[in-house]
Amino acid sequence: MIVFKLFYHIFSFIKIMMFKMTYGNRAGLPIKTQFRAGFHLVIEGRGFVKIGKDVFFNNYCTIASRAGITIGDGTIFGENVKIYDHNHQYRDANKSIKNQGYKSAPINIGSHCWIGSNVVILKGVQIGDNCVIGAGCVVAKSIREGSVIVNNQNHLYLS
């Protein structure tokens, strides 16, 4: 068990150094940030990512920024969490969506939050401190401090 923990600490340190070499000061990642396998960070345009102390990302998390993403201290992420501060524009039906640019808005995730597995956090969202976001939620609106959000799967929608 100690060998695995040591491996993940070394792996995280190497990842942080690679991100800092790639993105410079736009990737604000403390040395003690912990990542498991498959973590992806993409920063484009005016984007930046600022991560607080003692943050943990489980397997296959992705952060993609064009506007800015801030994560507070002590927040933990389950597997396969996706955070996107931008989305494609789609105003002109005569143009390909990929050629219409993006709409972007910063994301702020508070301190000491628990973001469950397979959560997607979308542009413009503000999540207060001490929140729990249950597995499988798509977060498109801001969430007050101390909130617990769960995915209601009691409804089945057929088209």
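The values are calculated or read from the model by the stated rules, or taken from the named source; none is laboratory data. Note that this is a predicted model, so its numbers are computed, not measured. Cβ sites come from the backbone with ideal geometry, for glycine too, and all protein chains shown count toward neighbours.
A few points about this structure:
- Ser104 being closer than 23 Å to Ala64 by Cα, exposed (fewer than 12 other Cβ atoms within 10 Å of the Cβ) and among the small types (Gly, Ala, Ser): no
- Within segment 125-142, considering residues that are touching a Ser or Thr at 6+ places or on another chain (Cβ under 8 Å) and either assigned to a loop (DSSP other than H, G, I, E, B) or acidic (Asp, Glu) (or both), the one nearest to Ser65 (Cα to Cα): Val125
- Cross-chain or 6+ apart pairs with Cβ under 8 Å, segment 67-92 first and surrounded by fewer than 16 Cβ atoms within 10 Å (Cβ to Cβ), then among the aromatic types (Phe, Trp, Tyr): Asn87/Tyr102; His88/Tyr102; Gln89/Tyr102
- Those residues of segment 100-118 which are more than 14 Å from Phe57 (Cα to Cα) and either outside any loop (DSSP other than H, G, I, E, B) or among the acidic types (Asp, Glu) (or both), in sequence order: Tyr102, Lys103, Ser104, Ile107, Asn108
- Being modelled with pLDDT of 95 or more, in a loop (DSSP other than H, G, I, E, B) and touching a helix residue (DSSP H, G or I) at 6+ places or on another chain (Cβ under 9 Å) is a property that does not hold for Gly74.
- Cβ separations smaller than 7 Å between residues 6+ apart or across chains give the following pairs from segment 102-127 residues that are aromatic (Phe, Trp, Tyr) to residues that are part of a strand (DSSP E or B): Tyr102/His86; Tyr102/Asn87; Tyr102/His88; Trp114/Ile76; Trp114/Val132.
- Yes/no for Lys95 being in a loop (DSSP other than H, G, I, E, B), under 28 Å from Gly146 (Cβ atoms) and basic (Lys, Arg): no
- Scanning segment 15-34 for residues that are surrounded by fewer than 15 Cβ atoms within 10 Å (Cβ to Cβ) and either among the hydroxyl-bearing types (Ser, Thr, Tyr) or touching a residue at least 60 places away in the same chain (Cβ under 8 Å) (or both) gives a single hit, Thr22.
- Scanning segment 20-35 for residues that are assigned to a strand (DSSP E or B) and of a type in the set (S, T, N, Q) turns up just one, Gln34.
- Here segment 35-45 is the region considered, the condition is being farther than 20 Å from Gly72 by Cα and without any contact (Cβ under 8 Å) to a residue 40 or more places away in the chain, and the residue that is surrounded by the fewest Cβ atoms within 10 Å (Cβ to Cβ) is Ala37.
- Every test in (1) closer than 18 Å to Arg66 by Cα; (2) touching a Gly at 6+ places or on another chain (Cβ under 9 Å); (3) not charged (D, E, K, R) is passed by Leu122 save one, and that test is (2).
- The residue that is modelled with the highest pLDDT, counting only those in segment 143-159 that are of a type in the set (A, V, I, L, M, F, W, C) and in a loop (DSSP other than H, G, I, E, B), is Val150.
Conditions tested, residue by residue: (1) among the basic types (Lys, Arg); (2) part of a strand (DSSP E or B).
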position: Ala37; (1), (2): no, no
position: Val42; (1), (2): no, yes
position: Lys50; (1), (2): yes, yes
position: Ile63; (1), (2): no, yes
position: Ala67; (1), (2): no, no
